[in-house]
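Visitor: Here it is, the structure in full.
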Amino acid sequence: MPTSYRGLGRTAQAYWKAYATVFVSATVLFVLTGSAIALGLNWVYPQATPLVGITVVSLSFHMAVLYVRDVWAGEYNPDQTQVASSRSLFALLLIAVAFAAVFVALGTVAGLAVAYAIGDVPYAAAVAATYYPVFDLVGLRRGHWTPGSIVLAGVVTVLASALDVRRTVFESMPVIGNRRRPHL
């Protein structure tokens with residue numbers, strides 16, 4: 001008779017439910033934001049539309065994985081984020097959209113820059129669109145200044161001062177991390 005932890009099945013199921021919830025939420029956020037960016041780019045540069053899609057898929061997957069990793073490591077408690085008012089919720093929503101827009105746009109620009117610099121090598125552009133925003137996101141989580149963190153810091157500062165939201169709301173934001181961001 002094998003010995004096992006009695007609650008292991010429920011714990012594993014809870015992690016999969018949490019992962020699925022975060023994956024769907026991140027996908028919806030990135031798809032809606034990426035769709036707006038893709039529609040805007042479609043008028044100017046239609047070849048960028050596949051790069052937006054690649055970036056959206058990559059960010060959705062990696063954000064969900066980073067969330068599960070944070071929960072597993074004990075760096076984030078899923079019950080820690082509490083929104084005090086509708087103004088705080090609105091600010092968090094605006095910051096989430098700005099966060100998605102910054103990273104989707106940077107991934108698309110990285111893919112376009114590689115496509116322009118190298119020429120007709122679509123795989124290199126796809127790799128840049130897939131992994132540049134992930135490297136930028138990991139740099140942000142570790143507290144390094146990256147192009148994404150500079151733009152996001154500016155957006156957070158403007159939104160926090162315009163909406164008069166206390167700093168504790170932003171410190172409780174889950175996926176960015178809560179102790180490695182001295183610059184936000």
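The values are calculated or read from the model by the stated rules, or taken from the named source; none is laboratory data. Source: prediction; values computed, not measured. Note: ideal-geometry Cβ built from the backbone for every residue, glycine included; neighbour counts use all protein chains shown. SASA here: full protein model, heavy atoms, side chains in, ligands and nucleic acids out. Shrake-Rupley method; radii C 1.70, N 1.55, O 1.52, S 1.80 Å.
Visitor: Might you check whether a residue that is farther than 20 Å from LEU66 by Cβ and open to solvent by less than 20 Å² (accessible area, probe 1.4 Å) occurs anywhere in the range 115-127?
Guide: Yes.
Visitor: Also: Restricted to the range 132-155, and to residues that are assigned to a loop (DSSP other than H, G, I, E, B) and modelled with pLDDT under 85, which residue is surrounded by the most Cβ atoms within 10 Å (Cβ to Cβ)?
Guide: GLY143
Visitor: Residues that are open to solvent by 30 Å² or more (accessible area, probe 1.4 Å), under 14 Å from ALA160 (Cα atoms) and at pLDDT 70 or above: does the range 72-81 have at least one?
Guide: Going residue by residue through the range 72-81, those that are open to solvent by 30 Å² or more (accessible area, probe 1.4 Å) are 72-75, 77-81.
This time we only want the ones that are under 14 Å from ALA160 (Cα atoms), so: none.
Checking the range 72-81: not a single residue is open to solvent by 30 Å² or more (accessible area, probe 1.4 Å), under 14 Å from ALA160 (Cα atoms) and at pLDDT 70 or above.
Visitor: Moving on. Here are some conditions: (1) at pLDDT below 80; (2) among the aliphatic types (A, V, I, L, M); (3) surrounded by 13 or more Cβ atoms within 10 Å (Cβ to Cβ); (4) more than 18 Å from the chain's Cα centre (by Cα). VAL68 meets all but one. Which one does it not meet?
Guide: (4)
Visitor: Moving on to the next point. With (1) assigned to a loop (DSSP other than H, G, I, E, B); (2) at pLDDT 75 or above as the list, and LEU32 as the residue in question, which single condition is left unmet?
Guide: Single failed check for LEU32: (1).
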